[in-house]
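Note sheet for the following structure.
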Amino acid sequence: MLDPENKLINDRIRSRCDSTSSISKEQEIARIFPTGEHMVIVLDDRRDVWGGVDNIIQVVPFFFFDENETNRATPVFTRNFTKDTINNIYEYCGQSSYIDHLLDILLKFHKIFFKCYEAIQNKLDVDSLGLEQYFDDTGAPNLKNIISYERSKTLCDCKIIFSGIIPIKGDFTDNIEYLLATFLGAQVVDRASSPDITHLITNGTITEKAKRIINSGLSISIVFVDWLYCCYYLGERADESFFKFSIEASNFDEDTSELESQPDHKRKSIEGSEENNPQKIIPVTLEDFLDDETLKDF
C-alpha cells in the first residue's frame, strides 16, 4: 500500500518477528540490520517493544481481530487515548487516508536523508547547507537524528497547559501527554499564570486552572487531547478548529470546581484533575519514559 510501484521500499522490508530474541521480549533492530541502523525506519503501533529507539515512527493502532480481545492481550488504549481518538484521527484525515499521511512522512525523511548523502558524496559543507543536525557522531546522515529533529519542529511554537489530563496526585512530567508534547517540541507549563500560553488541552473536564485561563479572555486555542495525538501520529500540526472545545466563560458555576461542556467531539468527563501547585519541570526523553513499567503498554 505504501510502495505499490516498488520505488521507495521495494523488498527492503522486515517484520517485527524477524528480530525476536529468545532471551528478551524487546525487538532488536541490530539483529535484523547488523551492519548499521542509520538507514532504518521502524513503523509500529508500539514503541516499547523496540526499547524506545529513535528510528521509530509510531503508527495508529490497527485492529485486524476483535479490538476488545486485542486490547486485553496487549493494551493499547489509555485514559486519554481511546477508540474515539483513533476515529477522530481518521475523520480528520478525510478523503486523504491515514496511509497517505504516513507515506508523506516517509517521503520527507527519504528526501532529507539522500540530500545529506549527496552533500557528503559531493564534499559539500553540511553546516552551510543547514544539514548538520541530521548527522550522527560518525559524520554520517542518520535517520535517528532526522526523525528526532523533524518531529521536534511539529509544535515548536506552542506553549501548552493541560486541564483534567494529569491525575490529582500525578507527577507533572511522568505522563504520556506531557511526553508527546515535549517530543513534538512544545513547551509545557503547569501554572495558569504562565505568560504566552498558546494551547489549553483538555479531556472534557474543566478545572479551576482552566477557568482562570478562559476567564482571562486571552486568545488561546482550547482543544481536546485528541488534537495532540493527531499531531503525533500525523507528524504535523493538526488544525485546531477540528478539535476545538467550545465553552462560554459565562456558563461557569462559581460554586463548582469542575464543569462538563458539550464539545464538538463528545468524550466522557474523567474524574480528577491536576494539582494547581506548581511542579518542577524535569526534561524527559522517550527512553526515560519507557523505563516506567506502569506505562510501557503505550
**Request:** Answer with yes or no whether residue 182 is β-branched (Val, Ile, Thr), touching a residue at least 24 places away in the same chain (Cβ under 8 Å) and not in a helix (DSSP H, G or I).
**Result:** no
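Among the residues of region 209-227, is any in a loop (DSSP other than H, G, I, E, B), touching a residue at least 60 places away in the same chain (Cβ under 8 Å) and not small (Gly, Ala, Ser)?
No, because not a single residue in region 209-227 is in a loop (DSSP other than H, G, I, E, B), touching a residue at least 60 places away in the same chain (Cβ under 8 Å) and not small (Gly, Ala, Ser).
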**Prompt:** Quick one: which of 216, 241 is surrounded by fewer than 22 Cβ atoms within 10 Å (Cβ to Cβ), modelled with pLDDT of 90 or more and over 12 Å from the mean Cα position of the chain (by Cα)?
**Reply:** 241
**Message:** Name the residue that is farthest from residue 245 (Cα to Cα), counting only residues in region 119-167 that are without any contact (Cβ under 8 Å) to a residue 60 or more places away in the chain and hydroxyl-bearing (Ser, Thr, Tyr).
**Reply:** 138
**Request:** Identify the residue in region 110-169 that is in a strand (DSSP E or B) and modelled with pLDDT of 95 or more and, among all such residues, is nearest to residue 180 (Cα to Cα).
**Result:** 160
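The values are calculated or read from the model by the stated rules, or taken from the named source; none is laboratory data. The shown structure was predicted, so the numbers you read here are calculated from the model rather than taken from an experiment. Here the Cβ is made from the backbone with ideal geometry for all residues, glycine too, and neighbour counts use every protein chain on show.
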